[in-house]
Amino acid sequence: KSCVEQFRISLVDQKNDVHARLMSHYAEVPEFWYYILFVVSLILGTINGYHNELLSGHVLL
């Protein structure tokens, strides 16, 4: 099968996708963990950027 056909099938039939079945065994991560990770990364990047004379706006890049 071509890659395009496989892609179309995977969009429609996600129940038979082996990766979707494996991931269904795990609980979904609460959204606040992503916010915590973002804030911690931003703080650490800002501290590191301050010591390396990096402009604060460049941390977001």
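Each reported figure results from applying straightforward, stated rules to the coordinates on display, with no laboratory input. Since the structure is predicted, the reported quantities are computational estimates derived from the model, not experimental observations. Note: ideal-geometry Cβ built from the backbone for every residue, glycine included; neighbour counts use all protein chains shown.
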List pairs: first residue in the stretch 29-50 and free of Cβ contacts under 8 Å to residues at least 60 places away in the same chain, second residue of a type outside the set (S, T, N, Q) and part of a loop (DSSP other than H, G, I, E, B) anywhere in the structure, Cβ distance under 9 angstrom, at least six positions apart or on different chains. Leu42/Leu60; Gly45/Leu54; Gly45/Leu60; Thr46/Leu54; Asn48/Leu54; Gly49/Leu55
Please go through the stretch 1-38 and pick out each residue that is among the aliphatic types (A, V, I, L, M) and surrounded by 10 or more Cβ atoms within 10 Å (Cβ to Cβ). Ile9, Ala20, Met23, Ile36, Leu37
